[in-house]
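Below is one structure, written out as structure tokens; comments come after it.
The values are calculated or read from the model by the stated rules, or taken from the named source; none is laboratory data. Note that the structure is a prediction, hence the values are computed from the model and not measured. Cβ: placed from backbone, ideal geometry, glycine included. Neighbour counts: every protein chain shown.
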Amino acid sequence: MPSDHSIASEFYDGQIGVQFTKRTVEDQLFGLRSDFIAAMHNKLGVKIAHLDDEVINVAVGFNPPLVDTPKERRHVADTLNKIYVESWDNAALGKAIANQGGDPKSLGTLKRLQMILEQLAPSGGIPSLMSPLFVLYDLRVAASHLTSEKAAAQMMKKVTDRLSLQDGSDLQAIYAHLIQELLKTFRTFVELFATSTEITTK
């Protein structure tokens, strides 16, 4: 029996009307991250991410920014970094690099991830695909690290420049563009490593 209430919301459609609602971009991105991890595990025999339960809890509790305040910038930058930067397993990436004959010493986590992906797909345009992850890291430095206002402003300009946004763009614009770039990155990673024939695991 149709409802006599004028409620038009995702919650009502999903919970009362039992209708499937469109996945949010955040859900899509997290799903692509999971697909990428699975594809890499199939290629390497190594799981390149860790802290699964903790990451899920962080992701479930995250909401997109509604206002642009220093506190909200810190929240967005810290949360996205936990999910898409800090969750990579540095030791596992080092092992994967070594298994391919590389040297992971002196490399940070993102650089290790980039190196193993370049080893597996040398012609995959990996540096360009990795760019949004480095932008995300820079956003956290600008929003959360204890630094001078000048240094933070310079880092934010670096973020907006790399996202092809105007200097001084608000958090909503930065967030929306960054999420879209991350979607492109992980979607391409999934396509590349689910089908690549260049990989030879030692």
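Output the number of residues of the stretch 30-56 satisfying the condition of being of a type in the set (A, V, I, L, M) and either farther than 19 Å from Gln114 by Cβ or assigned to a strand (DSSP E or B) (or both). Within the stretch 30-56, residues that are of a type in the set (A, V, I, L, M) and either farther than 19 Å from Gln114 by Cβ or assigned to a strand (DSSP E or B) (or both) number 5. For the criterion of being touching a helix residue (DSSP H, G or I) at 6+ places or on another chain (Cβ under 9 Å), buried (at least 16 other Cβ atoms within 10 Å of the Cβ), of a type outside the set (S, T, N, Q) and part of a helix (DSSP H, G or I), Glu72 passes.
Criterion first (at pLDDT 95 or above, in a helix (DSSP H, G or I) and closer than 18 Å to Arg73 by Cβ) does Thr188 satisfy it? No, not satisfied.
Would you point out which residue out of Leu139, Leu110, Leu129 is within 18 Å of Lys47 (Cβ to Cβ), at pLDDT 95 or above and either part of a helix (DSSP H, G or I) or not polar (S, T, N, Q) (or both)? Answer to the check: Leu110. There is no residue in the stretch 160-180 that is of a type in the set (A, V, I, L, M, F, W, C) and more than 24 Å from Phe30 (Cβ to Cβ). Looking only at residues of the stretch 33-76 that are in contact with a Leu (Cβ under 7 Å, 6 or more places away or on another chain) and under 30 Å from Leu120 (Cα atoms), we find that the one that is modelled with the highest pLDDT is Ile48.
Scanning the stretch 84-98 for residues that are assigned to a helix (DSSP H, G or I) and closer than 17 Å to Ala39 by Cβ, we see that the one that is modelled with the lowest pLDDT is Ala96. Scanning the stretch 145-152 for any residue that is modelled with pLDDT of 95 or more, among the hydrophobic types (A, V, I, L, M, F, W, C) and closer than 28 Å to Arg74 by Cα turns up nothing.
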